[in-house]
Structure formats: C-alpha cells, structure tokens
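*Asks:* Take this structure, written in structure tokens, and hold onto it; I'll ask about it next.
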Amino acid sequence: MHTTHTAQTTPDREPDPRFTLANERTFLTWLSTSLALSAGGVAMAAVPAASFTPWLRMVMAIVLVMLAAVAAGMAYPRWRRVQHALRTARPLPPPALAAVFGYGVAAVAVLALVLILLAL
C-alpha cells in the first residue's frame, strides 16, 4: 500500500512541521532568486556599452531587475497562502508567476546569447 503524507490539521493541531519548514525554504528560495536576478540585472547594466548593443543591454537589465522585484514582492504573499492551505488542509495554490519567471529568464538568456555571438 502506498501512503502519502498529508497536512491534515484541526483547529487545535499545527500542520506537520516538515511542511511548514518546506514552505519556509521555498520562501527563502524566492528571495535568493530575487537577489540573483537583481545581481544579473546590475551586471548586465554594468557591461561596457561597446560590448553589446546598449539599448538591448538595458532592456535585459531592466527585465531582470523587474523580475527580481516581482519575485521578492510575491514571496511573502505566496508563503502566506501556502501556510493557510496547510493549516486548513486545502489544496496548495498553484505558483501563478512561475511561467513569467521561466519565460522571462529564458528570453533574457536567449538575447544575451545572441549578443555574445554577435560580439565574436
């Protein structure tokens, strides 16, 4: 028989600490992702103008920093929604912005690759 762990709770019982701690680690990961995106944006903005097309370099920097701001801004509300779902034994909310981050970072990576190849 296959058993799964559930976060069943009652008003007088806390959820399994493993789920709460996993939710906290996810929150911290969103914050570290935000820092990495921000650092990438600052690094892209600091690239010498002669290296890449200046306007495209700035677009990539702005997109990265905007993604960083969204990731940081959405980290706590997401943690709170997941924690509420754990406490009330409801389904976890879907990661609504995952596609935005995935496609946003992929687009910047493709643009950076094009700029690198053009600079050769």
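*Asks:* Please give the net charge around Pro93, taking every other residue with its beta carbon less than 12 angstrom from that of Pro93, where Lys and Arg add +1 and Asp and Glu add -1.
*Replies:* Once positives and negatives cancel, what remains is +4.
*Asks:* For mean projected area of the Cα convex hull in nm², pick the label among (1) 9.3; (2) 9.8; (3) 7.8 that corresponds to the value derived from the coordinates.
*Replies:* Correct label, based on the coordinates given: (2).
*Asks:* If you plug each phi of segment 15-24 into the Karplus form 6.51 cos²θ - 1.76 cosθ + 1.60 with θ = phi - 60°, what whole-Hz ³J(HN,Hα) values come out, in order, with x for Gly and Pro?
*Replies:* Result, rounded to whole Hz: x, 3, x, 4, 6, 4, 5, 5, 5, 5.
*Asks:* What are the ³J(HN,Hα) values, in whole Hz, obtained from phi via the Karplus relation 6.51 cos²θ - 1.76 cosθ + 1.60 with θ = phi - 60°, for each residue of segment 28-40 in sequence order, with x given for Gly and Pro?
*Replies:* Working through the residues one at a time gives 5, 5, 4, 5, 5, 4, 4, 4, 5, 4, 5, 4, x Hz.
*Asks:* Can you tell me the order of 112-119, 57-64, 23-30 when each peptide is scored by its average per-residue count of other Cβ atoms within 10 angstrom, highest first?
*Replies:* Per-residue Cβ counts within 10 Å, averaged per peptide and sorted highest first, yield 57-64, 23-30, 112-119.
*Asks:* May I ask you to evaluate 6.51 cos²θ - 1.76 cosθ + 1.60, the Karplus curve with θ = phi - 60°, for each residue of segment 43-49 and list the ³J(HN,Hα) values in order in whole Hz, giving x for glycine and proline?
*Replies:* In residue order, the calculated couplings are 4, 5, 5, 8, 4, x, 4 Hz.
Laboratory data are not the source of any read-out in this text; all were calculated from the coordinates shown. Everything quoted here is computed from the prediction, not taken from an experiment. FYI the Cβ positions are ideal-geometry reconstructions off the backbone, even for glycines, and counts take in every protein chain you see.
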